[in-house]
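Step one of this worksheet: look at the structure below.
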């Protein structure tokens with residue numbers, strides 16, 4: 001017969017370490033998602049590359065004459 005315990009037990013050190021690593025990975029991923037910048041013409045999300053640079057290009061808007069940061073596909077359409 002199996003005795004049931006009604007108090008919670010601490011997780012094993014391996015599970016605790018795995019949980020801490022998973023929390024760090026999830027926090028890093030959320031920070032990466034927050035780091036998105038947006039194309040000022042089409043609104044597409046643009047994420048940084050490994051060096052931390054955004055592939056956005058500055059062009060001048062024909063209608064208003066102001067500089068815009070646009071993605072590569074909008075730069076080619078110009």
What number of residues within the stretch 1-49 are under 30 Å from residue 77 (Cβ atoms), more than 10 Å from the chain's Cα centre (by Cα) and part of a loop (DSSP other than H, G, I, E, B)?
7
Tally time: how many residues in the stretch 50-77 are more than 23 Å from the chain's Cα centre (by Cα) and either surrounded by 12 or more Cβ atoms within 10 Å (Cβ to Cβ) or not in a strand (DSSP E or B) (or both)?
10
All-but-one check, residue 39 against (1) in contact with a helix residue (DSSP H, G or I) (Cβ under 7 Å, 6 or more places away or on another chain); (2) at pLDDT below 90, failing number (2)
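The values are calculated or read from the model by the stated rules, or taken from the named source; none is laboratory data. Computed from a predicted model, the values in this text were never measured in an experiment. Every residue, glycine as well, gets a Cβ built from its backbone with ideal geometry; the counts of neighbours run over all protein chains shown.
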